[in-house]
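Worksheet for the structure shown next.
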Amino acid sequence: MPPSESCSNSVAAALAQLLLPITLPWLVKEIILIILITSSCTRCEKEFNIIPQLLRRQSNVNPDIPLSDALLWFAAEAGARTVKFTACGIFPINYEFFVIYIGFFATNMAILIQALVRFLIDGKVLDDL
């Protein structure tokens, strides 16, 4: 094996050892953030859908107070509206988005791992591929 190939293999191995401890925690952090954002948006949408029912129930507890008319009006307004979280209006943020994101992540990781394995086995620079 020529000295340049062993040098490139050792550089690639050192690079892999350096990048793995840095990228793995970053990837885990990003996945946790996506899970938290997605679950928060989904829970908020579900809670907003419950509000009109709770307001109607509360206005029926004491129908004699003047606030009950305002509660019924607000319940009707809240029932006529919907809350949806979107990413700049392009696609909704819900659990379907999370599944798509994980699929995208897995596909890209498979491509990157294949490129890294080929680089480590062949000892070629990525420009030569």
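The values are calculated or read from the model by the stated rules, or taken from the named source; none is laboratory data. Please read all numbers here as calculations on a predicted model, not as lab measurements. Quick reminder, even Gly has a Cβ in these numbers, built from the backbone with ideal geometry, and neighbours come from all protein chains shown.
For region 83-100, name all the residues that are in contact with a strand residue (DSSP E or B) (Cβ under 8 Å, 6 or more places away or on another chain), surrounded by 13 or more Cβ atoms within 10 Å (Cβ to Cβ) and free of Cβ contacts under 8 Å to residues at least 40 places away in the same chain.
Listed by number, the list holds a single entry, Pro92.
Cβ-Cβ distance below 9 Å, separation of 6 or more or different chains: which pairs start in region 21-49 with a residue that is touching a residue at least 24 places away in the same chain (Cβ under 8 Å) and end on one that is of a type in the set (Lys, Arg)?
That search, which allows pairs on different chains as well, returns Cys41/Lys84; Glu45/Lys84; Phe48/Arg81.
Scan region 23-61 residue by residue and report those that are loosely packed, with under 11 Cβ neighbours inside 10 Å, over 30 Å from Leu112 (Cβ atoms) and modelled with pLDDT under 85.
Selection gives Val61 alone.
On the basis of being within 30 Å of Gln17 (Cα to Cα) and either among the hydroxyl-bearing types (Ser, Thr, Tyr) or surrounded by fewer than 11 Cβ atoms within 10 Å (Cβ to Cβ) (or both), does Val117 make the cut? If you could, list the steps in order and put the result at the bottom.
On the way: within 30 Å of Gln17 (Cα to Cα): yes; either among the hydroxyl-bearing types (Ser, Thr, Tyr) or surrounded by fewer than 11 Cβ atoms within 10 Å (Cβ to Cβ) (or both): yes.
Judged against the criteria, Val117 is a match.
For region 64-75, how many residues are at pLDDT 85 or above and out of contact with any Leu (no Cβ under 9 Å at 6 or more places or on another chain)?
1
Can you name every residue in region 81-114 that is among the hydroxyl-bearing types (Ser, Thr, Tyr) and assigned to a strand (DSSP E or B)?
Once the filter is applied, which keeps residues that are among the hydroxyl-bearing types (Ser, Thr, Tyr) and assigned to a strand (DSSP E or B), region 81-114 yields only Thr86.
If you scan region 62-79, which residues turn out to be part of a loop (DSSP other than H, G, I, E, B) and surrounded by 11 or more Cβ atoms within 10 Å (Cβ to Cβ)? Explain how you work it out, then say what you get.
First, the residues of region 62-79 that are part of a loop (DSSP other than H, G, I, E, B): 62-66.
If the condition is that a residue be part of a loop (DSSP other than H, G, I, E, B) and surrounded by 11 or more Cβ atoms within 10 Å (Cβ to Cβ), then Ile65 is the only one that fits.
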